Amino acid sequence: MASKDSNGLVISLSVFVLLTFGLSVAWYMTWSHNTDVERDLAAAKKAESDAKGVINGLNQDLTSLKTTIGRPEPEVDDIVANAKLEIAKRAGNGTTVPDTIESAMVTNANDRDAEKSSAQERLVQLNVKVAELNQAAVSHQNSLKSLEDALKQKDAKLSEQETIHGEQLKQREDQIDELKSQLTTVQTEFSDFREEKEREITTLREEISLQRDTLKKLRAAKFSLENLNFERPAGRLTFIDQNTQTAFVDIGSRDKLRVGTTFSVYSQINSGVGLPQSDKDLKGKLVITEILGPGLSRADIVDPKLGEPMAVNDPIYSPIFSPGQPLEIAIVGGLDFDGNPGSDREEFRRIVAANGASISLEVNDEAKILGRNSEQLSESDIYSSITSSTRFVLVADLGDENTQDTVQKELNNKIRAIKVKMEQAATDNGVYVLSLSRFLDYIGYSRKSLAWSPTKPFPANLPNGAKSTSVNATFGSRSSSAAISGSVSGRSRKVFPSTGSTSALYKNTNNQE
């Protein structure tokens, strides 16, 4: 770039000086002498021709230089700038850029020498690696040759085994064909046998269904005839103390008897236990107070029948106590039986437990079905809970069907629906369905107290409040209105003191009849 500027400046200055000089001389000589002007003009033209020759030479040198470096740009500045860019691009090493083509060529030559030396080292390493690989290939080929020989031996052995296996397979196929033939025969026989058995099963099912219906009818007839006639006594009285109103019975710890168990005491000769007409044979009730031994217990006499004292060998009965065998019951409805306000559900559970029984199914006041451990069950569990081992299905208070309380009415309807399913399960399994009041009478339960409540009317009807004065006389309702006769509102005569004599009915009650 400096060379171009210098040459151009020289040329420009030369031309300028010459033209100035020539013009000055011409202007000056115009007025001086025309010949001098012409001479000077000729000299100026010659100088100009020489300058143009120099310029042409420089231009030819510039063109030759462009051709040599391969840069055809018209301007020298462009040539220099582009050449430097190309040098930096082609010959630079990233840290320094050569200023000239010669420096770039030297740098490239040095780089190529270094790369050549490195490539020769890598070539030596490669040759060593190739030699190792060739040696490994020879070893591999030897191993492969050994494997091929072993493979040929295995192929020969396999071919021999395939021949043997082919023969064995042919024998197995023949056996399979024979077994298939036998299987077809057996399947045909089985199909005929199954059809025959299915017909027999259908016949048996029809017979079972018929027998089940007949059994249900017989059970219904049996219930109607027996009417809860418990003919097997749980035990007998062995001693009676009329003064202390205590008695001893011949059952105890070996029978798994518990304190608090209650019994009904009947005459030795009676018209049936638990029947309505057998009330005349009921002498009273017992409550076990102490277990004295394997076959002996003490009891308190409760509600003794006047005029018919208990005697030795009188049988005692309980619908839920069986010596040595725990019984189960199921109950549905509300429990309020002791005459006091409020639910008696806990009292009922205590009574059942005291008699050695258990509750297998219970429907409470909220229409929830509870199992043995008070776990909540569904209606589908009713048939699995009421089985042939269940002694009674007890029906308690089912609520008022005409109540105005819509929530309570819905609960009552649900309890009644569950009660129907429980009765059906009881019928299917030969289980007695009994009202709670009759059950309490049969186990010898006595109310603890009678308390009037504003929610209950009083006077109330008292069951068994009337009694006939004639033996075996018939009469209508035996319910008392609870009204008190005026004749007994006050004593009309003086009370006579006791003479100490004992009625003949109470004499020798401990002697065996």
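Does any residue of segment 294-301 turn out to be more than 12 Å from Leu257 (Cβ to Cβ), at pLDDT 85 or above and either surrounded by fewer than 16 Cβ atoms within 10 Å (Cβ to Cβ) or not assigned by TED's automatic domain parsing to the domain that holds Ala426 (or both)?
Yes, that holds for at least one residue.
Looking only at segment 13-60, how many residues end up being modelled with pLDDT under 75 and of a type in the set (Ser, Thr, Tyr)?
Residues that pass the stated criteria total 5.
Just one of Glu423, Glu379 is surrounded by 16 or more Cβ atoms within 10 Å (Cβ to Cβ) and under 26 Å from Ile320 (Cβ atoms); which is it?
Exactly one of Glu423, Glu379 is surrounded by 16 or more Cβ atoms within 10 Å (Cβ to Cβ) and under 26 Å from Ile320 (Cβ atoms), namely Glu423.
Counting only residues that are crowded, with 16+ Cβ neighbours inside 10 Å, in contact with a Ser or Thr (Cβ under 7 Å, 6 or more places away or on another chain) and in a loop (DSSP other than H, G, I, E, B), how many does segment 319-336 have?
Of the residues in segment 319-336, 3 are crowded, with 16+ Cβ neighbours inside 10 Å, in contact with a Ser or Thr (Cβ under 7 Å, 6 or more places away or on another chain) and in a loop (DSSP other than H, G, I, E, B).
Return the residues of segment 319-355 that are under 30 Å from Asn243 (Cβ atoms) and at pLDDT below 80; say none if nothing qualifies.
Phe321, Pro323, Asp338, Gly339, Ala354, Asn355
Are any residues in segment 382-430 touching a residue at least 60 places away in the same chain (Cβ under 8 Å) and in a loop (DSSP other than H, G, I, E, B), and if so, which ones?
If the condition is that a residue be touching a residue at least 60 places away in the same chain (Cβ under 8 Å) and in a loop (DSSP other than H, G, I, E, B), then Ser389, Ala396, Leu398, Gly399, Gly430 are the ones that fit.
Of the conditions (1) among the β-branched types (Val, Ile, Thr); (2) within 30 Å of Leu257 (Cβ to Cβ); (3) over 33 Å from the mean Cα position of the chain (by Cα), Thr403 fails just one. Which one is it?
Tallying (1) among the β-branched types (Val, Ile, Thr); (2) within 30 Å of Leu257 (Cβ to Cβ); (3) over 33 Å from the mean Cα position of the chain (by Cα), Thr403 fails exactly one: (2).
Starting from segment 359-376, take each residue that is in the same structural domain as Thr387 (by TED's automatic domain parsing) and list its partners that are among the basic types (Lys, Arg) and at pLDDT 90 or above, counting only C-beta distances under 7 angstrom and pairs at least six apart or across chains.
Every condition considered, the pairs that remain are Ala367/Lys414; Gln376/Lys368.
I'd like the full set of residues that are at negative phi, assigned to a loop (DSSP other than H, G, I, E, B) and under 46 Å from the mean Cα position of the chain (by Cα), limited to segment 240-267.
Residues satisfying the conditions are Leu257, Arg258, Val259, Thr261.
Which of the residues belonging to segment 354-381 are on the phi < 0 side of the Ramachandran plot and either out of contact with any strand residue (DSSP E or B) (no Cβ under 9 Å at 6 or more places or on another chain) or part of a loop (DSSP other than H, G, I, E, B) (or both)?
Residues satisfying the conditions are Asn355, Ala357, Asn364, Asp365, Glu366, Lys368, Gly371, Arg372, Asn373, Glu375, Ser378, Ser380.
The values are calculated or read from the model by the stated rules, or taken from the named source; none is laboratory data. Just so we're clear, the structure is a prediction, and the values are computed from it rather than from any experiment. Positions of Cβ are backbone-derived with ideal geometry, glycine not excepted, and every protein chain shown enters the neighbour counts.
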